[in-house]
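**Q** Could you have a look at this structure, given as structure tokens, before my questions?
The values are calculated or read from the model by the stated rules, or taken from the named source; none is laboratory data. Computed from a predicted model, the values in this text were never measured in an experiment. Cβ sites come from the backbone with ideal geometry, for glycine too, and all protein chains shown count toward neighbours. These area figures cover heavy atoms from the full protein model, side chains too; ligands, DNA and RNA do not enter into them. Shrake-Rupley method; radii C 1.70, N 1.55, O 1.52, S 1.80 Å.
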Amino acid sequence: EDIVRTVKVMLYYPNSGGTLTGEERRLTVYEGETVAQAVVKALAERPMDNYSGLKPLLPKDFTALGANVDGNTCYLNLSANCAELMPESTVQQRMVLRGIVNSLCSLEEVEQVQILLNGDYQMLLGTQPISRPLLPGE
């Protein structure tokens, strides 16, 4: 794999108390991969600090088919099976989306995130509205 560059990003993971905690990381972006894809991949992995009580934000098979930034919006194209991988609890679903959006919005050029499923706009991901771009902290 050819390493293209590394980027500094703030990744948000759930802690044992059920709230999101930021962890600053340097991510390696490989050839053919966007920075946003590297962020989503990292959120499915374990946080670096094993003693922080943080857990992976996303289930293992949660994958981004693509992600590109246009203007200040990151268009995150998720595989349709991500909907089935979402936690059942509405509170946890909201936390997953907030973690993704806050992490992507820690990238310099991203101010909001539009989530697509298999390249299509959808009304909901689980029970969470995704028809319009999501802002950090929402």
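**Q** Given the criteria without any contact (Cβ under 8 Å) to a residue 60 or more places away in the chain, assigned to a strand (DSSP E or B) and within 14 Å of the chain's Cα centre (by Cα), does Q93 qualify? Full working, then the answer.
**A** Working: without any contact (Cβ under 8 Å) to a residue 60 or more places away in the chain: yes; assigned to a strand (DSSP E or B): no; within 14 Å of the chain's Cα centre (by Cα): yes.
So Q93 fails the test.
**Q** If you scan the range 49-75, which residues turn out to be touching a residue at least 24 places away in the same chain (Cβ under 8 Å) and open to solvent by less than 40 Å² (accessible area, probe 1.4 Å)? So that I can check it myself, show each step before the final result.
**A** Filtering the range 49-75 down to residues touching a residue at least 24 places away in the same chain (Cβ under 8 Å) leaves 49, 52-59, 61, 64-69, 72-75.
Passing the criteria: G53, L54, L57, L58, A64, G66, A67, T73, C74.
**Q** Quick check on my filter: what residues within the range 1-48 are hydroxyl-bearing (S, T, Y) and open to solvent by 80 Å² or more (accessible area, probe 1.4 Å)?
**A** Restricting attention to the range 1-48, the residues satisfying the condition of being hydroxyl-bearing (S, T, Y) are 6, 12-13, 16, 19, 21, 28, 30, 34.
The one that is hydroxyl-bearing (S, T, Y) and open to solvent by 80 Å² or more (accessible area, probe 1.4 Å): S16.
**Q** Take Q114 and decide whether it is in a helix (DSSP H, G or I) and among the polar types (S, T, N, Q).
**A** Spelling it out, it is not the case that Q114 is in a helix (DSSP H, G or I) and among the polar types (S, T, N, Q).
**Q** Here's another thing I want to ask about it. Within the range 108-138, count every residue that is of a type in the set (A, V, I, L, M, F, W, C) and under 13 Å from Y75 (Cβ atoms). Lay out the reasoning, then the answer.
**A** Filtering the range 108-138 for residues of a type in the set (A, V, I, L, M, F, W, C) gives 110, 113, 115-117, 123-125, 130, 134-135.
When the remaining residues are screened for being under 13 Å from Y75 (Cβ atoms), the result is 110, 113, 115-117, 130, 134.
So the answer is 7.
**Q** Taking V101, is it closer than 21 Å to G126 by Cβ, at pLDDT 90 or above, open to solvent by 30 Å² or more (accessible area, probe 1.4 Å) and not in a loop (DSSP other than H, G, I, E, B)? It would help to see each step written out before you state the result.
**A** On the way: closer than 21 Å to G126 by Cβ: yes; at pLDDT 90 or above: yes; open to solvent by 30 Å² or more (accessible area, probe 1.4 Å): no; not in a loop (DSSP other than H, G, I, E, B): yes.
Criteria not met by V101.
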